[in-house]
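The numbers here are math on the coordinates, done by the rules we state, and not lab data. Just so it is clear, the model here is predicted, and its values are computed rather than measured. Because the Cβ atoms are built from the backbone with ideal geometry, glycine has one as well, and the counts that use them run over all protein chains shown.
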Amino acid sequence: MYTPKHFELTDVAEAVAFMKQYSFATLINVNGNIPEATHLPFLIKQEGEQVILSSHLARANPQAEYIAKGTSLIIFTEPHAYIAPTHYEKELNVPTWNYIAIHAYGEAKIVTDEVAQLKALEEMIASYDAAYLQQWAGLPIDYKLKLCKAIVVFNITVTDLQGKKKLSQNRNDADRESIIKAFSQSKDFNEQVIGEYMRKEK
């Protein structure tokens, strides 16, 4: 990911927190020189210095056939906002876009053990819909195992974590304050969130 130095996000804990907050991500793999993508919810764990991403694909998804054959790229991104030149002091300026993005690279390992597959599903449920856990616990085991046969569960240990926070760090204080003030009063949710991230960067 092209990242000028003043936009770098290098703190792993901060990157992990962002990934957990915006955990519906894009999984990209290359098949025959053609990149293919699937949009998935992920579980993000940090074990010591390792970051592990877990999810599952429908077995019928062609991407499931080759996910473990090369490097995967998972892109986490969500809040973004257009920055109009009207926010700047000087007229000689052009529009841009503020956003945050994390690119995680690693090789996927398929989970084949049924017990581990069920545990992965339960962890996913606990993370996204804990109220459903009780109902899940009461479902017949043969039904659960049938579900497992229809999916491919995988874990990716991140080998390269790239983060970018493009939050007008290259602008002067007056320009940044102008954007923050405008976004704090905006009715657009993304602008509100980006404005808050910009405020924290000060």
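Contact map, the stretch 95-114: first residue within 22 Å of Ile194 (Cα to Cα), second residue surrounded by 14 or more Cβ atoms within 10 Å (Cβ to Cβ) and hydroxyl-bearing (Ser, Thr, Tyr), Cβ cut-off under 7 Å, separation 6 or more or different chains; pairs are Asn98/Ser168; Tyr99/Thr77; Ile100/Thr77; Ile100/Tyr197; Ala101/Thr77. Taking the criterion of being in contact (Cβ under 8 Å) with a residue 40 or more places away in the chain and in contact with a helix residue (DSSP H, G or I) (Cβ under 6 Å, 6 or more places away or on another chain), would at least one residue in the stretch 118-129 satisfy it? No: the stretch 118-129 contains no residue that is in contact (Cβ under 8 Å) with a residue 40 or more places away in the chain and in contact with a helix residue (DSSP H, G or I) (Cβ under 6 Å, 6 or more places away or on another chain). One residue stands out in the stretch 155-176 among those that are surrounded by fewer than 16 Cβ atoms within 10 Å (Cβ to Cβ) and farther than 30 Å from Gly106 by Cα: the one that is farthest from the chain's Cα centre (by Cα), namely Ala174. Taking the criterion of being loosely packed, with under 14 Cβ neighbours inside 10 Å and within 30 Å of Val12 (Cα to Cα), the residues of the stretch 111-125 that qualify are Thr112, Ala116, Lys119, Glu123.
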